[in-house]
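First comes the structure, then the notes that go with it.
The values are calculated or read from the model by the stated rules, or taken from the named source; none is laboratory data. Fair warning: this is a prediction, and the values are worked out from it, not measured in the lab. Note that each Cβ is placed from the backbone with ideal geometry, even for glycine, and that neighbours are counted across all protein chains shown. Remember, those area values only see protein heavy atoms, side chains included, never the ligands or the DNA or RNA. Shrake-Rupley method; radii C 1.70, N 1.55, O 1.52, S 1.80 Å.
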Amino acid sequence: MGKEQTIVAKFGGSSLADAGQFKKVKDILRRNPDRRYIVPSAPGKRDRSDEKVTDLLYECYGRASRKEEYRPVLDKIKARYQEIIDELELSVSLDKEFQMMEQAFISGAGEKYAASRGEYLNGILLAAFLGYEFVDAAEVIRFDRNGNFEDERTNFFLADRLVNIERAVIPGFYGADDAGNIHTFSRGGSDVTGALVARAVCADLYENWTDVSGFLLTDPGIVDHPKKIDIMTYSELRELSYRGATVLHEEAVFPVRREGISIHIRNTNHPEEKGTLICSRIDPEDEVPITGIAGKRNFVAVSIAKNRMNAQVGFCKRLLEAFDENHIVFEHMPSGIDTICVILPRDVYQEKREAVMASLERLLAPDKISVDEDMALVTVVGKGMRSVSGIAAKFFTALGEAGVNIKMIDMGSNEINCTVGVSNQDFEKAIRALYDALAV
Ligand code: ADP
Ligand code: ASP
Ligand code: MG
């Protein structure tokens, strides 16, 4: 018999969407008893037209706080859990939990509290079904009063709590501050909880079970049946998640990377498939020139023109100051001789437009500022972007032949990615063209 290991397994929303999915999860755990700490999401969609419980909770709370009729939505949420209880014949009642939850909604407990109930209730049911101990994330995942996540305290609390528990279910997505107020990570944040648990228990592996058989070369919603990536590094994962590949939350890599814990993406509906392994380094023979293609819509490019800006000492510093003083983090800053361009998310720009323009005028006295509000960013990630000759040529030829107009190019000298800005309407076309040209 092999040595005992500790595996943390996170199951996403569609993996736990109904009783049938709960049974698949139990089977997966039975097959390998090293899977000790389980992090569930809230029930997700059962089919394309279904609703996620988390979305229903936001809607229900929104209605309750606006004093609108919220009960039909609450009933839908209750029915989702009751169906699981009935079909699995669990001797658990959530009636009291729902009463408390409704009271809290009416008295304005906050949107984050509301959203967190999806994972909380699913965790209670899963723990009962598996016969594992339930550990409320509010006791171990720590935030400060302003909702900032506290990683070292969390690690301490989690490790301390789990050290004597052989098998536990810890719901994903939320935690609490010292006063007991609930806070959540951003959407998709159960991946982060899973990574935090993996770090705290010094896991041998962090398994992330979802509804695809691994990280695919690009979004399967855009390209039909893209190839699967067998293995990639944390850096490549970080690039792809940040650039828009939504498989894993972009913050989930940090807690496991620091401890060298590999992540294994697996498919709950096809556990026989190998999935994608993410680790610190990969053997040269496993390396491929292109790891993946990802992207996001809705960016804005703010271009600042000023004659001889290249010769002005401190120009860039003042440009950064204009964004800093408005608390804006931007994405890219491609530059020419007399122009420099800053790319930032459209919603951020629209919220802070006046203030940013005022700062730019005051600090830079530019000749002209022009704004392009229609930009999507598409990124190709892979070592080949800097080391295999000819890839860059294929990249630009593919976009040209597809009739995609490139508005911006950004490629650092030591990077493993190349990003282009295209118009939002060319977003999917650009991804398909790049996939066809580079994924062969
Ligand atoms: P979960 O609910 O299990 O956390 P998510 O919906 O967050 O699952 O992530 C899985 C989904 O990510 C897939 O169903 C797929 O539609 C989408 N996706 C986007 N880009 C990719 C990609 N490059 N590879 C695989 N899946 C992707
Ligand atoms: N349920 C949350 C969401 O829908 C968190 C998660 O699924 O990871 O965003
Ligand atoms: Mg997810």
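Quick notes
- Per the listing 159, 179, 198, 138, the residue uniquely more than 18 Å from residue 11 (Cβ to Cβ), within 16 Å of ligand 2 (Cβ to nearest atom) and aliphatic (A, V, I, L, M) is 138.
- Residues that are of a type in the set (Asp, Glu) and open to solvent by 30 Å² or more (accessible area, probe 1.4 Å) were ranked within region 197-245; the one that is nearest to residue 381 (Cα to Cα) is 239.
- Residue in region 57-68 that is among the hydroxyl-bearing types (Ser, Thr, Tyr), under 23 Å from residue 174 (Cα atoms) and under 25 Å from the mean Cα position of the chain (by Cα) present: yes
- Residue satisfying condition, being at pLDDT 95 or above, within 14 Å of ligand 1 (Cβ to nearest atom), out of contact with any Asp or Glu (no Cβ under 6 Å at 6 or more places or on another chain) and within 30 Å of residue 345 (Cβ to Cβ), within set 275, 295, 244: 295
- Residues in region 26-62 that are open to solvent by 20 Å² or more (accessible area, probe 1.4 Å), touching a Pro at 6+ places or on another chain (Cβ under 9 Å) and over 16 Å from residue 184 (Cβ atoms): 27, 31.
- In the set (1) open to solvent by less than 60 Å² (accessible area, probe 1.4 Å); (2) at pLDDT 95 or above, residue 346 fails one condition alone, (1).
- Checked against (1) more than 10 Å from ligand 1 (Cβ to nearest atom); (2) in a strand (DSSP E or B); (3) open to solvent by less than 10 Å² (accessible area, probe 1.4 Å), residue 265 passes all but condition (1).
- Qualifying residue in region 45-54 (condition: away from ligand 2 (no atom under 16 Å from the Cβ) and modelled with pLDDT of 95 or more): yes
Residue-by-condition table, conditions (1) modelled with pLDDT of 95 or more; (2) within 22 Å of residue 379 (Cβ to Cβ); (3) open to solvent by less than 50 Å² (accessible area, probe 1.4 Å); (4) touching a Leu at 6+ places or on another chain (Cβ under 7 Å):
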position: 290; (1), (2), (3), (4): no, yes, yes, yes
position: 309; (1), (2), (3), (4): no, no, yes, no
position: 321; (1), (2), (3), (4): no, no, no, yes
position: 328; (1), (2), (3), (4): no, yes, yes, yes
position: 338; (1), (2), (3), (4): no, no, no, no
position: 341; (1), (2), (3), (4): no, yes, yes, no
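- Pairs where the first residue, in region 199-215, is over 19 Å from residue 20 (Cα atoms) and the second is among the charged types (D, E, K, R) and in a helix (DSSP H, G or I), C-beta under 6 Å, 6+ apart: 199/259
- Evaluation of residue 184 against (1) surrounded by 20 or more Cβ atoms within 10 Å (Cβ to Cβ); (2) within 12 Å of ligand 1 (Cβ to nearest atom) (one fails), failing number: (2)
- Subset tally (residues that are touching a residue at least 40 places away in the same chain (Cβ under 8 Å) and within 16 Å of ligand 2 (Cβ to nearest atom)) for region 1-20: 10
- Strands (runs of 3 or more DSSP E) completely within region 118-218 that count 3 or more residues being within 18 Å of the chain's Cα centre (by Cα): 205-210
- Close contacts from region 420-437, counting a first residue that is touching a residue at least 24 places away in the same chain (Cβ under 8 Å) and a second that is open to solvent by 20 Å² or more (accessible area, probe 1.4 Å) and among the hydroxyl-bearing types (Ser, Thr, Tyr), with Cβ to Cβ under 8 Å and a gap of 6+ residues or different chains, come to 437/397.
- Some residue of region 241-256 being outside any strand (DSSP E or B), more than 30 Å from residue 352 (Cβ to Cβ), touching a residue at least 60 places away in the same chain (Cβ under 8 Å) and acidic (Asp, Glu): no
- Residue identified as under 21 Å from residue 196 (Cα atoms), under 20 Å from the mean Cα position of the chain (by Cα) and modelled with pLDDT under 95 among 280, 262: 280
- Residues located in region 219-234, provided they are in a strand (DSSP E or B) and touching a strand residue (DSSP E or B) at 6+ places or on another chain (Cβ under 6 Å): 228, 231, 232
- Enumeration of residues in region 10-24 that are buried (at least 21 other Cβ atoms within 10 Å of the Cβ) and more than 12 Å from ligand 1 (Cβ to nearest atom): 22
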